[in-house]
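The values are calculated or read from the model by the stated rules, or taken from the named source; none is laboratory data. None of these values were measured; they are calculated from a predicted model. Cβ placement follows ideal geometry from the backbone for every residue including glycine, while neighbour counts extend to all protein chains displayed.
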Amino acid sequence: MPDTSKYSVLFEPVKIGPLTARNRFYQVPHCCGMGHVRPQAHAAMREIKAEGGWAVVSTEETEIHPTSDLSPYAEQRLWDDRDIPALRLMTDRVHDNGALAAIELVHNGNHAQNLLTRGPILAPSDMSLSVAYPKQARAMDKADICEFRRWHRNAARRAKQAGFDIVYVYAGHRMTLTQHFLLPEYNDRIDEYGGSLENRSRLIRELLEETHEEVGDSCAVAFRFAVDEMMGADGMQAQEEGCAVVEMLAEVPDLWDVNVSDWTNDSATTRYEPNDGYQTPYIEFVKQLTSKPVVAVGRLNSPDMMVSMVKRGIVDFIGAARPSIADPFLPEKIRTDRIEEIRECIGCNICVSSDTLGVPIRCTQNPTMGEEWRRGWHPEKIDPKKDQDAALVVGAGPAGLECAVQLAKRGYQVTLAEAGNTLGGRAVREARLTGLAAWRRVADHRIYDLQQRANIEAFLDSRMSAADVTELGISNVFVATGASWRRDGVGRTSRLPFKSESPETIMTPDDIMNGLLPNAGPLVIYDDDQAYLAGVLAEHLVARSRDITFVTPASVVSPFTEYTLEQARIQRSLIEKGVKIITGHKLVAVTNSSCEIRCIYTEQPRHLACATLLPVTERIRQSDLFEELQGNARSGIETLELIGDAAMPGLIADAVYSGHMAARNFEVDPEDVAKQLFRREIVSLKNA
C-alpha cells in the first residue's frame, strides 16, 4: 500500500542521470578523518548511513593526484589504480544496503601543501598557500591545465571501476582548484581561462563534460558548487555571479549540490547560526534555473522543514552531513514514524574538529560515530544483558544519562539518582548561556528515551552518600558525579594558585550557570581553559556588564575553536560588543578592586580595575563518592566505575562517550575490551 503519511514525499524515488535514488535523503560529502589511512573504518561508517536509510552516501574529498596532497589530513585518494580496492570496500557495503555511492573528486590547488609528496603546488595564478606555510603556488600554464583535466578524467574512470554511482566535480569551500579558477580573487589570468565569468567557468564546464564522456553511460555526474561566499561585494554572491554560473551550466551536470562558502559558513555552528535550514535564502533560486535535481544542506533536522522545502520546489534531495553524523538512522526514523527518537544535531562542530585535528570523526550526540569498525558499535543496536540484573547510576549529566539509557536498552533494571532537581547536568546548564540553547538536545534526547522505558527509574534531589549506596543494595554502580570549576586560577599556564586578598570578588562559571551575576563594576574574565566556555560567558555577560576585559595567555581568544570553525566569529563578536581583549598575559593576583596580570613573554606587570574576577581555567573532579565506595571493602559492590567528567573532565562529547562505553563494556571480558581499544588498521607490506 502507498505511504500516505505527511512525510511520504520524502520517500519518493528521484532520478539522477541514468540512476534512481530510492528516496530524497542524500548524505553529501563530508570529511571523517579516516580516508585512505583507515579504509575499513571508513567503509563501516558509510555502511551504517546506508543501513539507516540514506539513498545516497558520499565520500569525503578524494585527491586525484599527488599534487593535491592534503597530508597530514586523511582524506580519500585516487592517485592510481592501487587506491581502487580500498574504495571498493565502501561501495560494496553501501550497495549491499540499497544506497547509491558518490565520490567527491578534488584537486585542492593552493590549499594543498604537498608536505608528503613535495610536488608542485598549482593555482590559477601565482599566489601564497591558503594555509600558514611559507611557500607559494605557481600559476598553471596550458600544459598544466591539460594535465589536470587528464588527471580528473582518469580519477573518474577509476571511481567507476571502484563501483561509484555518482562522480563529483567540486567547486566549493574555497578549497578547490576549480573554484579558485572561478573567483577573481584567485584568478588574474588574461587567457581563455581568466577575465570574464564565462572564461573563469570554462574549466568547470570542461571537467563536467569530460566526466560525462568518461563515465556518463552508467554513472551520474554531480556538481558541488558554492553559490555565495558570504563576503558581500568582496566575493561571489548568489544573486549575481552565483546565479549566472547556474544559468550558464544549468543542464550540464546530472545533479546540483549547492551550498555556501567557505567551510566556516557552510558548517556554521548553532552558536552563530541558530536556525536549522539557515542556507535556504542563498540556494532557493537554483531549482528555478535547472531541470536537474538539486540537493542542499543547512543543518536540516526537522522533517516538517524537509517536506516544506521539497513541496515549495527548493530542493529535490534533503542534503545532510552533520545531521547524518548525529543520527545515521534519521531517514528510517522518519519513515517508521519515530520522529521523537531522532538524535538532532546540536551544531557544535565536534565532528569538524576531528577532521581539523586529523583524527577519526566523533560526535557529541552520537558516541558510536567513528567506532563502527574499531569497536563494532552500532547506533541503534547494543548487546543484551548477561548475568547481572540491576545497576545504579549516580549523576544524571551527559555521562550518567547516556550510561543509564544504554544499560536499560541492554535489559538491566536501572536506578538513576541525581542530586539536583533536573536531569541533564552540564548539558542543560551550559544550554542556558547565550548561543548554546541547542545543546539542550543532548539531554532532551536521552530524557525522552528514559521516559519510554519501564526498566529505568530516575530520582531527583537524591544526593547519594556511600552509606546510601550500600543500603540500596545494588551491586553494580556507575558514578557520574561530574566536576566543578576552580576558583584559584590553576590552569594550563600556571600550576600554582594566584594570590587572592578578596575571595568574595571571585566567581566561577558554575556561579554564572546557576543564575548569579557579577558585582557592579569592571569584570575581568580570565581564560586559561582556552576552549569555548570563556568566550561564551563573555558574550553572555556583555549585556549585563558595562565593562568587560577578557584576559588570556593564548595569542587569540578561544584558540580551541579554530578546530570548530568559530574562532574568528568569536573574537569579532567580542570586539564588536566592546569587550577589551588582552592576549599573552597570565593572572597572578587579585584584590578587592584590581587584579595583576603579567606578560607571558617578558613578565612585565599590568594592573586592571576589577570588581569581579571570573576565572575559566580547570575543573576539579567530584570523585569523593567513588573513592569512599572504593575504599569500603564491605559495601557489597561487584562493579564500581567512575565515568564522565568525574573521571576525566573534557567536552560534553567526551562525557557522553564515556557513559556509552561504560554501558557497552559492562559484563564484557576485560581482554576483549582491550582488544577493541587497540584495534587498528595495519598497512600491508605484501607488495612493498
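Some observations on this one:
Here's the yes/no breakdown for (1) crowded, with 20+ Cβ neighbours inside 10 Å; (2) farther than 19 Å from A538 by Cα; (3) in contact with a Cys (Cβ under 9 Å, 6 or more places away or on another chain):
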{"position": "R429", "(1), (2), (3)": "yes, no, no"}
{"position": "A438", "(1), (2), (3)": "yes, no, yes"}
{"position": "R446", "(1), (2), (3)": "yes, yes, no"}
{"position": "A454", "(1), (2), (3)": "no, yes, no"}
{"position": "F459", "(1), (2), (3)": "no, yes, no"}
{"position": "M464", "(1), (2), (3)": "yes, yes, no"}
{"position": "G473", "(1), (2), (3)": "no, yes, no"}
{"position": "V477", "(1), (2), (3)": "yes, yes, no"}
{"position": "W485", "(1), (2), (3)": "yes, no, no"}
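- Flag if S462 is over 29 Å from E638 (Cβ atoms) and in contact with a strand residue (DSSP E or B) (Cβ under 8 Å, 6 or more places away or on another chain): no
- Qualifying residue in segment 508-530 (condition: aliphatic (A, V, I, L, M), exposed (fewer than 15 other Cβ atoms within 10 Å of the Cβ) and under 28 Å from S261 (Cβ atoms)): no
- Residue list for segment 35-52, restricted to those being outside any helix (DSSP H, G or I) and surrounded by fewer than 22 Cβ atoms within 10 Å (Cβ to Cβ): R38
- Residue match in segment 676-685 (condition: surrounded by 14 or more Cβ atoms within 10 Å (Cβ to Cβ), over 30 Å from A74 (Cα atoms) and in contact with a Gly (Cβ under 8 Å, 6 or more places away or on another chain)): no
- Among the conditions (1) part of a helix (DSSP H, G or I); (2) touching a Gly at 6+ places or on another chain (Cβ under 9 Å); (3) surrounded by 20 or more Cβ atoms within 10 Å (Cβ to Cβ), L416 misses just one, which is (1).
- Per-region count, segment 1-56, residues closer than 18 Å to S302 by Cα and at pLDDT below 95: 2
- Cross-chain or 6+ apart pairs with Cβ under 8 Å, segment 294-314 first and in the same structural domain as V221 (by TED's automatic domain parsing), then aromatic (F, W, Y) and surrounded by fewer than 24 Cβ atoms within 10 Å (Cβ to Cβ): G298/Y278; R299/Y278; P303/Y7; M306/Y7; V307/Y7
- Condition met for E240 (without any contact (Cβ under 8 Å) to a residue 24 or more places away in the chain, within 30 Å of E210 (Cβ to Cβ), of a type in the set (D, E) and not assigned by TED's automatic domain parsing to the domain that holds D444): yes
- Positions within segment 246-284 being aromatic (F, W, Y), within 20 Å of the chain's Cα centre (by Cα) and buried (at least 19 other Cβ atoms within 10 Å of the Cβ), in sequence order: W263, Y278
- For segment 21-34, the condition of being under 17 Å from P360 (Cβ atoms), among the basic types (K, R) and part of a loop (DSSP other than H, G, I, E, B) holds for none of the residues.
- Check on A655, in contact with a Cys (Cβ under 7 Å, 6 or more places away or on another chain) and surrounded by 18 or more Cβ atoms within 10 Å (Cβ to Cβ): no
- Those residues of segment 358-401 which are part of a loop (DSSP other than H, G, I, E, B), in contact (Cβ under 8 Å) with a residue 40 or more places away in the chain and in contact with a strand residue (DSSP E or B) (Cβ under 8 Å, 6 or more places away or on another chain), in sequence order: Q388, G395, A396
- Subset of segment 524-565 that is part of a helix (DSSP H, G or I) and among the charged types (D, E, K, R) - its residue that is nearest to G435 (Cα to Cα): E539
- Subset of segment 341-354 (residues that are charged (D, E, K, R) and either assigned by TED's automatic domain parsing to the domain that holds A427 or part of a loop (DSSP other than H, G, I, E, B) (or both)): R343, E344
- For Q452: the one exception among (1) under 32 Å from the mean Cα position of the chain (by Cα); (2) in contact (Cβ under 8 Å) with a residue 24 or more places away in the chain: (2)
- The condition of being touching a helix residue (DSSP H, G or I) at 6+ places or on another chain (Cβ under 8 Å) and closer than 30 Å to V414 by Cα holds for only one of I548, I620, I637, I570, that being I637.
- Only a single criterion out of (1) in contact with a strand residue (DSSP E or B) (Cβ under 6 Å, 6 or more places away or on another chain); (2) assigned to a strand (DSSP E or B) is not satisfied by V94, namely (2).
Yes/no matrix, rows are residues, columns are (1) buried (at least 19 other Cβ atoms within 10 Å of the Cβ); (2) touching a Leu at 6+ places or on another chain (Cβ under 9 Å):
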| position | (1), (2) |
| --- | --- |
| N154 | no, yes |
| R157 | no, no |
| F164 | yes, yes |
| V169 | yes, yes |
| G172 | yes, no |
| R189 | no, no |
| E198 | no, no |
| E213 | no, no |
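- Set A404, A427: member being among the aliphatic types (A, V, I, L, M), in contact with a strand residue (DSSP E or B) (Cβ under 6 Å, 6 or more places away or on another chain) and assigned to a helix (DSSP H, G or I): A404
- Some residue of segment 285-298 being within 20 Å of L565 (Cβ to Cβ) and touching a Ser or Thr at 6+ places or on another chain (Cβ under 8 Å): yes
- Filter result for I190 (closer than 30 Å to T20 by Cα, in the same structural domain as D228 (by TED's automatic domain parsing) and out of contact with any Phe, Trp or Tyr (no Cβ under 6 Å at 6 or more places or on another chain)): no
- Residue satisfying condition, being under 25 Å from V295 (Cβ atoms), in the same structural domain as A155 (by TED's automatic domain parsing) and of a type in the set (S, T, N, Q), within set T59, T67: T59
- Flag if L100 is surrounded by 23 or more Cβ atoms within 10 Å (Cβ to Cβ), closer than 23 Å to D257 by Cα and touching an Asp or Glu at 6+ places or on another chain (Cβ under 8 Å): yes
- Enumeration of residues in segment 307-343 that are among the charged types (D, E, K, R) and under 21 Å from P398 (Cβ atoms): R322, D327, E340, E341, R343
- Scanning segment 354-399 for residues that are of a type in the set (S, T, Y) and modelled with pLDDT of 95 or more returns T364, T368.
- Scanning segment 567-581 for residues that are in contact (Cβ under 8 Å) with a residue 24 or more places away in the chain and either over 20 Å from Y526 (Cβ atoms) or touching a Leu at 6+ places or on another chain (Cβ under 6 Å) (or both) gives A568, R569.
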